[in-house]
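Asks: Sharing a structure with you now.
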Amino acid sequence: MVMVKARQAAAPLVPSIRAAVASVDPSVPIYDVLSLDDRVDAALGRPRFNAALAAGFAAAALALAAIGVYGVLSYSVWLRMREIGVRLAIGADARRVTALIVGDGLRLALGGAAIGTAAAIAFTRLLQGLLAGVAPTDPRALGTAVVVMLAVAAAAAWLPARRAAAVDPIVVLRAE
């Protein structure tokens, strides 16, 4: 392998490199001429694809978790509509009802984050081959994952909480 450092593009230099090599030994073939950037891109192509695939799966898992939290809390709010109506009727303000529902969602997400963190630590040997430059039990990476999950869960919980806080207590209590 011959490597040439140049200030310009590699393609225009190929004929002069061929001539220089042929002047030393005409039987040596010159093939597969690529710039160093192209060689690095070819070498990193598969790891980049794997990283993009893992990021796509992570985004899908995050979306599924958000949809799950939203669905569970929406159903919970629907089941507790009478309780929420009574709370509002006896003086609870919308902020307290919102905090109650978002708190339920965050407790649910915190339990899931604890189980997920424990599973990630338990499967460190399997994860080691997929990680580059990060330890499998890196506290910063695990903490970031937990914080992102809790933020997404809070956002997913806010929608049913907002709907619960906007309930008219008279309408809910008459429906029973």
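Asks: What residue among 32, 138, 93 shows peak mean-square fluctuation when the chain is described by a Gaussian network model with Cα springs under 10 Å?
Replies: In this elastic network of the chain, the residue with the biggest mean-square fluctuation among 32, 138, 93 is 32.
Asks: From the P(r) of region 43-141, could you give the percentage of C-alpha pairs in the tail past 15 Å?
Replies: Roughly 74 percent, rounded to a whole number.
Asks: Measure nothing but the geometry: give the 0 to 90° angle between the long axis through the Cα atoms of 14-24 and the longest principal axis through the Cα atoms of the chain, rounded to 10°.
Replies: Once rounded, one gets 40 degrees.
Asks: Still on this model: About the Cα centre of region 47-175, how large is the charge dipole given +1 on each Lys and Arg Cβ and -1 on each Asp and Glu Cβ? Please answer in debye to the nearest 20.
Replies: Once rounded to the nearest 20, the dipole reads 160 debye.
Asks: For residue 170 and residue 37 in the same chain, what is the full-extension length gain: residue separation times 0.36 nm, less their Cα-Cα distance, in nm?
Replies: Using 0.36 nm per residue and subtracting the Cα-Cα distance, I get 40.9 nm.
Asks: Treating the beta-carbon of each Lys and Arg as +1 and of each Asp and Glu as -1, no other charges, what is the dipole magnitude of region 104-176 about its Cα centre, to the nearest 20 debye? Display every interim value, and only then the final one.
Replies: Details: 6 positive and 4 negative charges, 18 e Å.
Dipole size: approximately 80 debye.
Asks: To the nearest 500 deg cm²/dmol, what mean residue ellipticity at 222 nm is calculated for the chain from DSSP H runs of n ≥ 4 alone, each contributing -39,500 (n - 2.57), summed and divided by the residues?
Replies: Details: 7 runs with 132 residues, N = 176.
Theoretical 222 nm ellipticity from helices: -25500 deg cm²/dmol.
Asks: Nearest 10 degrees, 0 to 90: what angle lies between the long axis of helix 36-79 and the longest principal axis of the chain (Cα atoms)?
Replies: Roughly 10 degrees between the two axes.
Asks: Among 26, 136, 160, which one shows the biggest mean-square fluctuation in a GNM of the chain, springs joining Cα atoms closer than 10 Å?
Replies: Its mean-square fluctuation being the largest, the pick is 26.
Asks: Please express the shape of the chain as an equivalent ellipsoid: the semi-axes are the square roots of 5 times the eigenvalues of the C-alpha gyration tensor, given largest first in whole angstrom.
Replies: 62, 18, 11
Asks: For the Cα atoms of the chain, what angle does the longest principal axis make with the long axis of helix 94-122, in degrees from 0 to 90, nearest 10?
Replies: The answer is roughly 40 degrees.
Readers should treat all values here as calculations from the given coordinates under stated rules, not as data from a laboratory. It should be emphasised that the depicted structure is a prediction, and the values quoted were computed from it without experimental measurement. In this analysis, Cβ positions are derived from the backbone assuming ideal geometry, glycine residues included, and neighbour counts consider all displayed protein chains.
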